[in-house]
Structures are given as C-alpha cells and as structure tokens.
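Below you'll find the structure, written out as structure tokens, and then a few comments.
The values are calculated or read from the model by the stated rules, or taken from the named source; none is laboratory data. These numbers come from a predicted model, not from an experiment. As a convention, Cβ positions derive from the backbone with ideal geometry for all residues, glycine included, and neighbour counts pool all protein chains shown. Calculation scope for accessible area: heavy atoms of the full protein, side chains included, ligands and nucleic acids excluded. Shrake-Rupley method; radii C 1.70, N 1.55, O 1.52, S 1.80 Å.
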Amino acid sequence: MYIHRDRAVYQPDGEDQPVIHGPRQSAVSAYDRLKARDQHFQQPQYDDQWGYARIQPHDGPLGMLPSVAFAGDALKHAQQLLKDADLRELLGLTDITLRDGGVTVLPKLGYRVNFKQVVKTKGKRRSVNARGGSVQVFMRANGVIFQINSTLRFGKKPDKLGQLLSRYQIVKSALNTHAEQVANLLVDDTTDPIVKNAIIKSIKSSCVRTQTSLVLSSHNDEFNPMYEVTIDSCKPDPRSWKYLVDATTGKVVFGRNLQHRGRSNATLAAGDAKVRTFLNIPDPTKPLDPQVHDHLVKSLPDKTKLATERFIVKVKKNRKWVVLTAKEDGTFNYPLDTVEFAGVCVAVALIEQDEYYESLGAPKGKDTFTVFAHDENVSDNAYEDWSNKEIHIGKGSGSNRGGLTVWISYDRGVSHHENGHRWVGILTVDSDLGGQQGAGAHEGWAGDVLGTLVMEVKSRIDYATQLGRKLTVGELKKDRFVIGSFALPPDGIRILNNTKLYPGDLTGEPHADGEIIGGIGGDLLKAILCDGKADSDEVTLADLDEAATLFIHSLILAPAHKVQFADLGTNVLTADAQLYTGKHRQKAVAAFKRHGVKIGNSLDGGNGSGQSSDAPILKI
C-alpha cells in the first residue's frame, strides 16, 4: 500500500514477540566445531527467541561440507547436507521433522531448496505444519552450498490435537472479526451505530471467499492448534486479510492485511506499440506537456492492447472496466488528463520494471495481474493485492484539498512501488516478508528502494537524451530520495535520505518502519553508484545493475518467517560474495550500521546478529 490509510495489523493478544536471549551455548559450540573444520563458515545470525542459527552463510569456493558429492539432484544434495551432526545442532534440527517444500531454480545463483517443518501427533491428523517453520538450503548450479536459512519453531508438542472446532465455526469467528475490523477502518467515533452495523452486515453478506489451513503455532513454549484463515471480501471495497484463530476456542489472536498489496492467451500477431508517456517521474513544478515523450512498447502479444503475460491494464469507460486499447490510428498517443493516458503511464512503468528485473536474474512471475489505472474507488492511495492478483492505482482528491494530486498514475514511482510488493510475492520463499520488520521491509526495501528508487535512476540513465540531461554522481548525491514527489509535492510521502535508527525509531507501523530499512537501502544505492567517483561523472547502468541485483537477491535469500532488517543485510553480503566477490561488502556494512543495524563479523565492525554485541549466551 502506498499511503497508510489502513491499520496493517489486528493484534488483540499479539503475535509472538522475540525474547532476546542471545545465542544458545550448544549452537555456539556447534558453530565453533564447524569453523574449525572449515574456516569459510561465516558468523551466523542467531534467532532472538530460541538461540539457534537463523542464517548461516559460507563464502568458500567449495561450499559447505564439500565432501558431500553433488550428483545433480539439488533436493538430495540438501538432504545429505542436513544429516551433518554439527549443522543439526547449530540449527536445532535434532528433534525436528522436515518435509520437501519444493526446489526453485534461481537464474543467477542456482537453487533454493525448501523444507517445511511438520509436527507429528497421534490421532487422525498424524502430522501438521508448524506455522512459520522451515529451512532453506541455497546452492550454486554446481552444488556449491553457500547459505542455510532456518525459521524452525520450538515448544512442547501435543500428544494429540483433541477436540477442535469445525471449520464453519472457525470461519464464522474470523468473518465476524473481519467485518468489525474493516468497518472500523471506514468509520470513526462519531458514526451512528446503526450505520456501522449496516456496514458490518454488508461486509459479511458480500462476495466473501475464505481459505483455511490447520497449523500448530508455537506460543509460550508450546505448540497450539490454530487455523490460518484468509478472507477476501468485496464490499464496500476489496479487502484481503489473514487471521490466526485458536482451533479450540475460536478466538482470533492475530490478523494481518494482505493488501500491499492469470496468463495471457493472446493469439494475434505480436508487434510494437507507439505510445506517448512520461519517461521518468514528472516535475510537478513545470508544465507537463513538454515532459511527455514518444515511446515504443516492444513485442506485445497484441499490439492493439496494452496487455502482456504479466499484466492486463484496464481503465474505466462508461462505468465499465475495459482493457486499454489503441486508438483508431493504431497508437496509444492519448492526450493528457484522460484515463487512457493514465493507463499508458502505468503500463509502460510496469512492463519496463519487470523486464529489467528479469534481465538481472529474477525468476518470472507465474500469474497475470490485472491493473486498474485511475481507480476512483481508491481515493488518495494505491495498493497491490497478491491474493487476487491485482494492482490498483487510485485517484487523488487534489493537493488543494489536502490529498494527493488527482492523476496519481502519472507518478511512475507509485506504480513501481506497488509492483515492488508484487515482486516480494515472486521472489520470496513464502511469497511474503513476515513479521513487524518484514512489513517495514515490504514498504521501504521492496517498494521504495527496489521499486521506486532503482527504477527512477534507471529511467534517468536510459532516457538521458530524451530528458535533456545526464544523471551525474554529484546530482545523485544531493538527491533526497523523495517517495511520491509528483503525487504529493514537494516532500512526498516519505524521504529516504534520513537518519532514522533501529531499534529506537521502530513504531510497528509498516510505512514508518520502512523509512529505517528504506534509508539503509537508499544509502547503499548511493554508495554503490557514487563512491570513488567524481561529482561530474555519469551514473552508470553497470553500477545500477549490480545494486539492483543485490536488492533482488536479498529477497530471494530471505527467511520464511518474521524477517528482520539484519536478515536483508546478511543476504546482501551473501549475494555480493557469490556474484561480485565481495566488492560491495564494506558499503553494505556501513549503510546498515549508519541506521543502527549490525551485520557482518567483528572485522567489519558488526556481529551478524542485528543486535548489540554484548547479548548474553543462553546456556540450555
């Protein structure tokens, strides 16, 4: 979501909050043994709650435990690795059951092998997924293993699940909470209770879709049966939330907004489409028409429609949403201040973004998203909806009324931000960045930095001739990295050239927390593009490619549960070591340290944990 109008989390009792114990003595001893066997084992990042290794990087050319020969099967190779006694103790795998969670091919890195944690019980359900529990093994195409992630969950296991409420009862409880929660977002304390009750009734009776999944959730050192319930409702506007419901009492204990948020079957001849559009985020202080340029969108499946296998862009005509189609002359040269021109701006921004990420080794998304441009039902906002495969770019109420500019779609950064959320779904192991810091990273790291900043810099490099000037190092150094510079001039919605610190500036609100990790990302982007260069030098696409590749792969390498800012930093170091022989390591360590997050090892001035270096060792 671009501007925070909704509360992102419903938390009556709260999700488990980390209790910082420090690393577990047995895990530290296991790491010491591994380090003695192979000096290329890097300092692990330990889990705050249980003290086992959360991320274990390795920077050696032969990978972890090279005596395990690679026979071409990534899954079997990872299974062999996880039989090592020291690794099992480091990760806390001794009494854990894992099942195959799938293998993802990573074009630049090799493979991501995922294992899901299950808890065995007696009775009809003999094994149940542990909520958030998983292990990922990352390896190059030749079998060289360079990182393990673990978000295993621990606690007393139930002998049997006992009597559980029916799915009907669970869904009813979740729906009651959902209707109340959504209604609260639409009313205030002055609203007539009759009106609020009518809204609640409308939500509960609208086109509601639900999905339920039984899990065991670790809370207060024991596993408890819970249902994860996803609810999609369409009235008064589309809402998608996930709730955690106690399977024995029906009490909703946690809820999260999923709205940060198929394939084209076109058979007509492919072709290029002529369009007129903005090539970068326009300057709101200057006339807009001179900032519009002729452009060519290449290789559309049907050159009369701005639709690809990735996106179908729609605009509202005569109160109906229709696919954006060409004019009678075959072009998309629509005039300013029309919904068609707005749709073209959005389409061009999204197509270019996807093509760029895929050129850097990002895997293609599997789903076609429907994109609604200038959606008047989304006032002063925009959002990406992973569940329903939609992106909505809204309509502003006008800066003269205290809202956003009417034509939000003109701000390419808004489209890039929302598509950054979509790319989290494509890149990460569970299609999300979980936890409080993960929600902040969804906004600041994926949406603002990888989405808005990276793509705006690329536009200013690619279209320097059309824009009339080249982007210099000196100009980029001075850039405040304003997010929403056209949608809400002059200071935008967020400014990433900031001094916000972890953990003191954490608030629990994703967009505010995103300014911390977004500030880190902005600093790292500037360092890679500017360090060692004269102010008069041009910013180069080669440098931007390396920076964007690190941001992309930091998400590919992200853990599956409760992602922390330090996780992303550790992943930048891993990707940098694998792809660029560590040339950006010190830049990354410095950028994270500047905002209070320690990564790396003692030689870098960090300790790899994201917390203070004097955290005690937990002796258990």
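Looking at (1) assigned to a helix (DSSP H, G or I); (2) over 30 Å from N129 (Cβ atoms); (3) among the β-branched types (V, I, T), which is the only condition V424 fails?
Every listed condition holds for V424 apart from (2).
How many residues are surrounded by fewer than 17 Cβ atoms within 10 Å (Cβ to Cβ) and either under 19 Å from R99 (Cα atoms) or among the charged types (D, E, K, R) (or both) if we restrict to segment 146-169?
Of the residues in that region, 5 qualify.
Listed here are the residues, each with its yes/no results for (1) at pLDDT 80 or above; (2) in a strand (DSSP E or B); (3) open to solvent by 40 Å² or more (accessible area, probe 1.4 Å); (4) among the hydrophobic types (A, V, I, L, M, F, W, C).
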position	(1), (2), (3), (4)
K242	yes, yes, yes, no
G250	yes, no, no, no
G262	no, no, yes, no
N265	no, no, yes, no
R276	yes, yes, yes, no
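So which residues in segment 210-235 are farther than 16 Å from D246 by Cα, hydroxyl-bearing (S, T, Y) and surrounded by fewer than 21 Cβ atoms within 10 Å (Cβ to Cβ)?
Result: T210, single match.
Mind checking which pairs have a first residue in segment 378-391 that is more than 28 Å from T212 (Cβ to Cβ) and a second that is of a type in the set (S, T, N, Q) and outside any loop (DSSP other than H, G, I, E, B), Cβ under 9 Å, 6 or more apart or different chains?
Final answer for the pair search is A382/S409; A382/S415.
In segment 378-399, is there at least one residue being in a helix (DSSP H, G or I) and more than 15 Å from the chain's Cα centre (by Cα)?
Within segment 378-399, one or more residues are in a helix (DSSP H, G or I) and more than 15 Å from the chain's Cα centre (by Cα).
Of the conditions (1) open to solvent by 10 Å² or more (accessible area, probe 1.4 Å); (2) over 20 Å from H293 (Cα atoms); (3) not in a helix (DSSP H, G or I), D337 clears all except one; give me its number.
(2)
Okay, residues lined up against (1) in a helix (DSSP H, G or I); (2) modelled with pLDDT of 95 or more; (3) in contact with a strand residue (DSSP E or B) (Cβ under 8 Å, 6 or more places away or on another chain):
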| site | (1), (2), (3) |
| --- | --- |
| N498 | no, yes, no |
| G518 | yes, yes, yes |
| K533 | no, yes, no |
| A560 | no, no, yes |
| A566 | yes, yes, yes |
| T570 | yes, yes, yes |
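Quick one: A512 ticks every box in (1) open to solvent by 10 Å² or more (accessible area, probe 1.4 Å); (2) part of a loop (DSSP other than H, G, I, E, B) bar one, so which box is it?
(2)
Restricting to segment 62-83, and then to whatever is open to solvent by less than 30 Å² (accessible area, probe 1.4 Å) and assigned to a loop (DSSP other than H, G, I, E, B), can you tell me which residue is modelled with the lowest pLDDT?
Residue satisfying both the conditions and the ranking: L65.
Being of a type in the set (S, T, Y), modelled with pLDDT of 95 or more, under 22 Å from I393 (Cα atoms) and not in a strand (DSSP E or B), is that true of even one residue in segment 303-322?
Scanning segment 303-322, I find no residue that is of a type in the set (S, T, Y), modelled with pLDDT of 95 or more, under 22 Å from I393 (Cα atoms) and not in a strand (DSSP E or B), so the answer is no.
Looking at segment 497-553 only, could you name the residues that are within 21 Å of the chain's Cα centre (by Cα) and among the small types (G, A, S)?
Answer for segment 497-553, where residues must be within 21 Å of the chain's Cα centre (by Cα) and among the small types (G, A, S): G508, A512, G514, G518, G519, G521, G522, A547, A548.
May I ask you to list the residues in segment 563-581 that are open to solvent by less than 30 Å² (accessible area, probe 1.4 Å) and touching a helix residue (DSSP H, G or I) at 6+ places or on another chain (Cβ under 7 Å)?
Selection gives V563, Q564, F565, L568, G569, N571, V572, L573, A575, D576.
Can you confirm whether I599 is in a loop (DSSP other than H, G, I, E, B) and open to solvent by less than 10 Å² (accessible area, probe 1.4 Å)?
So I599 passes the test.
Please work out which one of (1) under 29 Å from K327 (Cβ atoms); (2) out of contact with any helix residue (DSSP H, G or I) (no Cβ under 6 Å at 6 or more places or on another chain) is the condition P363 fails and give its number.
With (1) under 29 Å from K327 (Cβ atoms); (2) out of contact with any helix residue (DSSP H, G or I) (no Cβ under 6 Å at 6 or more places or on another chain) applied to P363, the lone miss is (1).
Report every pair of residues separated by at least 6 positions or lying on different chains whose Cβ atoms are under 9 Å apart, first residue within segment 146-159 and in a loop (DSSP other than H, G, I, E, B), second of a type in the set (F, W, Y) and at pLDDT below 95.
Every condition considered, the pairs that remain are L152/W50; R153/W50; R153/F223; F154/W50; F154/F223; G155/F223; K157/F223; P158/F223.
Please indicate, with yes or no, whether at least one residue in segment 407-423 is among the hydroxyl-bearing types (S, T, Y) and open to solvent by 20 Å² or more (accessible area, probe 1.4 Å).
Looking for residues that are among the hydroxyl-bearing types (S, T, Y) and open to solvent by 20 Å² or more (accessible area, probe 1.4 Å), one finds none in segment 407-423, hence no.
For I426, state whether it is of a type in the set (A, V, I, L, M) and closer than 22 Å to E515 by Cβ.
For I426, the condition - of a type in the set (A, V, I, L, M) and closer than 22 Å to E515 by Cβ - is not met.
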